[in-house]
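The values are calculated or read from the model by the stated rules, or taken from the named source; none is laboratory data. Note that this is a predicted model, so its numbers are computed, not measured. Cβ: placed from backbone, ideal geometry, glycine included. Neighbour counts: every protein chain shown. Just the protein is used for accessible areas: all its heavy atoms, side chains included, with ligands, DNA and RNA removed. Shrake-Rupley method; radii C 1.70, N 1.55, O 1.52, S 1.80 Å.
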Amino acid sequence: MTTVHERVDTFHDNDQKPVGYGRMLRKEDPRFLRGRGRYVDDVQLPGMLHLAILRAPVAHARIVSIDTSAAEASPGVRAVVTGAMLAQQGLAWMPTLSNDVQAVLATDKVRFQGQEVAFVVADDRYAARDALELIDVEYDVLDPVIDARRALEPDAPLIRDDLEGKANNHCFDWETGDEAATEAVFARADVVVSQDLVYPRVHPAPMETCGAVADFDAVDGKLRLWSTTQAPHAHRTLYAIVAGIPEHKIQVISPDIGGGFGNKVPIYPGYVCAIVASIVTGKPVKWMEDRSENLISTGFARDYIMRGEIAATRDGRILGIRTNVLADHGAFNGTAAPVKYPAGFFGVFTGSYDIEAAYCRMTAVYTNKAPGGVAYACSFRITEAVYLVERIVDCLADELGMDPAELRLKNFIQPEQFPYTTKTGWVYDSGNYEPTMRLAMDMAGYAELRREQEEKRARGELMGIGIAFFTEAVGAGPRKNMDILGLGMADGCELRVHPTGKAVVRLSVQSQGQGHETTFAQIVAEEIGIPPSDIEVLHGDTDNTPFGLGTYGSRSTPVSGAAAALVARKVRDKARIIASGMLEVSVADLEWEKGAFHVKGDPGTSVTIQDIAMRAHGAGDLPEGIEGGLEAQICYNPSNLTYPHGAYICVVDIDPGTAQVKVRRFIAVDDCGTRINPMIIEGQVHGGLTDGVGMALMEMIAFDEDGNCLGASLMDYLIPTSLEVPDWETGFTVTPSPHHPIGAKGVGESATVGSPPAIVNAVVDALKPFGVRHADMPLTPSRVWDAMRGQARPP
Ligand code: MCN
Ligand code: CUM
C-alpha cells in the first residue's frame, strides 16, 4: 500500500464546481485506456510510403563503396538514398543541439554501430526492410575507441576527422567554481575523502520508439511533419534553418507520445530522412524505428566517469567539494542543453549543503558510440551531480563514523539563507530542508530501522539503509543566460474563452504522458473558475500553438505553468472590467470569488465568468475601450529556475548466498512547491523511482571491445517491472517558489534524480561488514558478489 501523508483535498470535477488544484482523474486517460491514443505510427495518409534505414554494422570504419543497384531493383522500392546523394544537396550533415554537426547519412566513415548509412523508400515497411539487405556496402574497418579514457591517449584512433584541424578526440573542457579557494579549504580540512564513481551509459527506452511521417506538398510548398518530439517549435525552427523552408511552410505535429524521458528532444537523422524522402518522392513517407534501432542509435544518457572529493572538519562540517569528470559524448556531441552549459546543470553538484568552496573540472571526449548525453529524466545532468554528491557525503559519513542522516542535517543550507547562491553560482530560490528530511525519517521509522539492522548484522544478515537528499534546478530558463542554438528558453500561452464559457488553452510545451491536458486545465481553472472539464488543452501542433521551447528539464510547470496562470489572470482582468459594466459598479467595487465577480458587501449581486464570456461576445455594450471577445496571450520569460528538493530513504536486503538485492522499502518525500495535482505528482514520483531501481540495479548500455552494443534489445537491456519494485511510500512538504506566479516547481525528474544514490547508498551500507565503501551501478548480483569478495569489475 502506498502511504500518502497529506491533507485531504480530494474532490471530483464531475460535479461541475469551479475547481482548480487537487486530485483529479486525468482527462486524457479515457482515450489511452481504451486504446484510442493517436500516435505517430497511427498516422495513415493516402499513398504513404515507408522508409527503412540501413545502419552501420561496425563501430568505426571507412566507407569504401556503396552499391544500391540490387536494392533499387527490389519489388516495391521507390528510392534508395545514400550519404553521397544527400551531400549533393548539402544535406549529409545537420547541426546538433550542442553546436556540433552530426551525419544524417554517413559519407566518409561510420562512427558508431547503428549509425545511419542509407535509406530505402518502398511501398510498405516489409519491402523497405527487405531491400536494406540488398545494399552492398564495403567497409574498411578501423580500430574503435570505446573507453573514454582511451580516447585521450596520443595514439588513439581519430574519430572526428571531418572537423577541420581536429587532431584528437577531445570534445570540450569545462570548469566551474573556484579552484584556488577549494584547494585552500582542502588544505586545512581535518578529513578528506575521495571516491571514483562511474555513472554508466543508460537509455531512456520509452515505450514508443521514435518516428515520423513527412508530407511535403509540392503545390503549396508546405511540409507537414508528424513526429515524436518533445519540442515541436524548436524542431520546426531547426528544420527551417537546415532545409531553408520558411517556418510558416512547416507544420510540426507531435500527437500522443508514448513516453519521451528525454529520448525525444534531439533531432534524429530519421526525421530528416523522412522529410527528404517525401520531397524526393512527392508522397507522404513514414519512418518508425524498431526497439533495437532505438536502443543503439538514439540519445543515450549519463556515461560520466567521476572522481569526487569532499573535505570536512573532524566533527562533520563539510568545507568543500571537488570533482573531476571525464564525459563520454559518443561520436557526435548531440547533447541537448542550453548553449552556455555544455555539461548541462552539473554545476549543482554542491547539493543541498552550505559549503565554503567547490570546484569542478570536466573533459568531454568523442568515442565510437551513439550520440546523446542529456536524456532519461536527467534534469540536464543533475542526475549525475546528485549521484556524485550524495555518494561522497555517504563516504564521508563512513570515514567520520557518523550517521549519514545526521551528517546531512548538520550541513543543510538553512531556510533563512534562501535565496542561496551556491559556490558555483546557482541561486536556489527557496527551500526548507530539515522538515523534509525529518518527515522522511519519521515515515521510515529511521531509528527503529537502524536497530533492526544492528540485530540483523549480528545474525549475519545483510540489510542496508540508504539516504539521498537532493536539490534540483528545473525550469530552463532565464533568457539572459539560457538558450538552445540561439533560441531563448521562454514559452508562450494563449487562452480563449468561448461565448458559452468553455475555454481552450494553447501551450508550447508537449506532454509525453505527464498529464498536461489535465494539469494545465487545472491551472487555468484555479485562476478563472471555469471547471477543468470545460477547458481544452491544445499542444503539439506548431500551426495551432504559440512558440516556445518544449518539454524537458521538468520545465513545463515552471515555465509554461507560469504562462498559463498569467494568461488566465489577464483574461480575468478583462473579465473584471466587463463585469463592472454589467453590474454598473466601478472595478474597485468588485470582488472575485473563484468563478464570479460580486459587488463588495453584496454577494447576491454577481456575474459568473460564463455570463461575462457571453457578454464579451454577445449583444449589449461593453465598457469604454474594451474590445469584444475574451482571450489573451503571453510569452513567459522565467526570472530564475525553480529548485525542488526531496529526501529519499531506501531499505534493501541482500541475499548473502546469491548477492541479489531486494528493495524492501522506499520512502520518498518531495517538495515541488505548490502542488497542482497530487495524484499526477505521485505518478511522476512512482515512475521516477522505478527508473531509479532500474539504473541502480539493472540498466546499462554496454559495449564489447569492438564497439558492438550489448544492450540492443530488452532481453539484454533490463528494465524493471512491478516485480522488482516495492510499494512506494510517498510524502511531501510544500515550499513555494517565490518567483513563480503560483509558487510551483517542477517534479517530473525528481525521483529519477534522487533515487539511484539512495539505492546505491543502501547497498553499500548493507555491505559494510565486508569493508565495502563503494560499488558502481548497476548493482547486479555479479557486481555485488564481487564487491563482497573485495574485487571490482571494470565498468
Ligand atoms: N505537476 C504538478 N504540480 C507541480 C509540479 C508538476 O501537478 N508542482 C504536474 C504537472 O502539471 C505535470 C507533471 O506534474 O502534469 C510533470 O510536470 P513537470 O515537473 O513540470 O515536468 P514536465 O511536464 O515538463 O515533464 C517533463 C519531465 C521530464 S523532463 C521527463 S524526462 C519525464 C517526466 O517529465 N518524461 C516523462 N515524466 C514523464 N512522465 C511520463 N509519463 N512520460 C515521460 O516521458
Ligand atoms: Cu533530461 S530527460 Mo527530460 O529533460 O526530457
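A few remarks follow.
- Val537 vs. criteria more than 18 Å from the chain's Cα centre (by Cα), under 22 Å from His233 (Cα atoms) and assigned to a strand (DSSP E or B): yes
- When each of Ile759, Ile742 is tested for being modelled with pLDDT of 95 or more and within 14 Å of ligand 1 (Cβ to nearest atom), the lone residue that passes is Ile742.
- Hits in segment 323-353 - residues which are among the β-branched types (Val, Ile, Thr) and open to solvent by less than 10 Å² (accessible area, probe 1.4 Å): Thr323, Val325, Thr335, Val348, Thr350
- Segment 381-390: number of residues that are within 11 Å of ligand 1 (Cβ to nearest atom) and within 29 Å of Val110 (Cβ to Cβ): 0
- Only a single item in (1) touching a Pro at 6+ places or on another chain (Cβ under 8 Å); (2) open to solvent by 10 Å² or more (accessible area, probe 1.4 Å); (3) within 24 Å of Gly646 (Cβ to Cβ) is not met by Ser511, and it is number (1).
- Being open to solvent by less than 30 Å² (accessible area, probe 1.4 Å) and within 16 Å of ligand 1 (Cβ to nearest atom) holds for only one residue in Ile535, Ile609, Ile530, and it is Ile535.
- The strands (runs of 3 or more DSSP E) found wholly in segment 570-684 and carrying at least 3 residues that are polar (S, T, N, Q) occupy 602-608.
- Tally of residues being out of contact with any strand residue (DSSP E or B) (no Cβ under 6 Å at 6 or more places or on another chain) and among the aromatic types (Phe, Trp, Tyr) across segment 419-438: 1
- Among the residues of segment 249-275, the ones that are among the β-branched types (Val, Ile, Thr) and over 17 Å from Arg38 (Cα atoms) come to 5 in all.
- The set of residues in segment 634-662 being open to solvent by 40 Å² or more (accessible area, probe 1.4 Å) and under 30 Å from Phe346 (Cβ atoms) consists of Cys635, Asn637, Ser639.
- Candidates Val185, Val192 - the one that is open to solvent by 20 Å² or more (accessible area, probe 1.4 Å), away from ligand 1 (no atom under 16 Å from the Cβ) and more than 28 Å from the chain's Cα centre (by Cα): Val192
- For segment 241-257, filtered to residues that are part of a loop (DSSP other than H, G, I, E, B) and more than 14 Å from ligand 2 (Cβ to nearest atom), the residue that is surrounded by the fewest Cβ atoms within 10 Å (Cβ to Cβ) is Gly244.
- Assessment of segment 454-468 against the conditions (within 12 Å of ligand 1 (Cβ to nearest atom) and either in a loop (DSSP other than H, G, I, E, B) or polar (S, T, N, Q) (or both)) yields no matching residue.
- Any chance Asp716 is farther than 17 Å from Tyr643 by Cβ and either part of a loop (DSSP other than H, G, I, E, B) or within 11 Å of ligand 1 (Cβ to nearest atom) (or both): yes
- Of all residues in segment 303-322, those being outside any strand (DSSP E or B) and open to solvent by 10 Å² or more (accessible area, probe 1.4 Å) number 4.
- Count of residues meeting criterion [of a type in the set (A, V, I, L, M, F, W, C), open to solvent by 10 Å² or more (accessible area, probe 1.4 Å) and in a helix (DSSP H, G or I)] in segment 685-708: 1
- Restricting attention to segment 648-676, the residues being more than 21 Å from Thr752 (Cβ to Cβ) and without any contact (Cβ under 8 Å) to a residue 60 or more places away in the chain number 1.
- Considering residues of segment 197-228 that are away from ligand 1 (no atom under 16 Å from the Cβ) and among the acidic types (Asp, Glu) only, the residue surrounded by the most Cβ atoms within 10 Å (Cβ to Cβ): Asp215
- Residue within segment 434-449 that is more than 26 Å from Pro769 (Cβ to Cβ), of a type in the set (Lys, Arg) and either free of Cβ contacts under 8 Å to residues at least 60 places away in the same chain or within 16 Å of ligand 2 (Cβ to nearest atom) (or both) present: yes
- Per-region count, segment 258-273, residues within 12 Å of ligand 2 (Cβ to nearest atom) and either assigned to a helix (DSSP H, G or I) or open to solvent by 30 Å² or more (accessible area, probe 1.4 Å) (or both): 1
- Among the residues of this structure, Ala370 counts as one that is touching a Ser or Thr at 6+ places or on another chain (Cβ under 6 Å) and either among the small types (Gly, Ala, Ser) or within 16 Å of ligand 2 (Cβ to nearest atom) (or both).
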